[in-house]
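S.K.: Sharing a structure, written as structure tokens. Questions coming.
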Amino acid sequence: MSKFASNCHQKVYFDKLNYLLSSETYNDITFNCKDGKATGNRLILAIFSNFLTDIFKENPLLMEHPIYGHPDSGINLPEVYAKDVECLLQVLNTTVSLEVKKESLKG
């Protein structure tokens with residue numbers, strides 16, 4: 001049974017959620033990558049990952065907002081490109097799939 005009154009209400013809810021998640025305002029975790037930074041929302045990440053849920057609970061300093069926090073705060077991913085993290089976050093935030101070109105895959 002759906003918690004939404006109608007399909008229209010559900011669509012409005014998810015459209016608004018997608019809009020808010022695409023805004024820097026609600027991004028509260030920074031990923032320090034090989035070639036730059038990517039930002040995400042801890043709540044969305046915790047929904048999909050028990051591992052990250054535990055990290056967020058055990059390391060409250062990771063909660064700093066990426067714009068206003070210390071430049072080194074966040075999760076360090078020195079072997080990962082920012083674009084790859086951004087693509088993953090886009091999939092988690094929107095529940096849509098992305099087309100990945102063969103040339104983009106390494107390893």
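Since every read-out is calculated from the coordinates, none of them should be taken as a lab result. All figures in this text were calculated on a predicted structure; none of them were measured in a lab. Here Cβ is always computed from backbone atoms with ideal geometry, including for glycine, and neighbour counts include all displayed protein chains.
S.K.: Which trypsin sites (Lys or Arg not before Pro) from the range 1-39 combine a DSSP loop assignment with at most 16 other Cβ atoms within 10 Å?
M.R.: For trypsin sites (Lys or Arg not before Pro) across the range 1-39 that sit outside H, G, I, E and B with at most 16 neighbouring Cβ atoms in 10 Å, the list reads Lys3, Lys34.
S.K.: Here is a further query. Modelled label-to-label distance, Leu61 and Asn18, 7 Å Cα→beta-carbon offset: nm?
M.R.: 3.8 nm
S.K.: What length, rounded to one decimal in nm, is gained on full extension from Thr53 through to Val91, with 0.36 nm per residue of separation minus their alpha-carbon distance?
M.R.: So the chain would gain 11.8 nm between Thr53 and Val91.
S.K.: Same structure again: Would you grab the residues whose amide H sits under 5 Å from the one on Ile29? Only those 5+ places off in sequence or on another chain, please, with H modelled 1.01 Å from N.
M.R.: So Ile29 has HN proximity to Gly40, Arg42.
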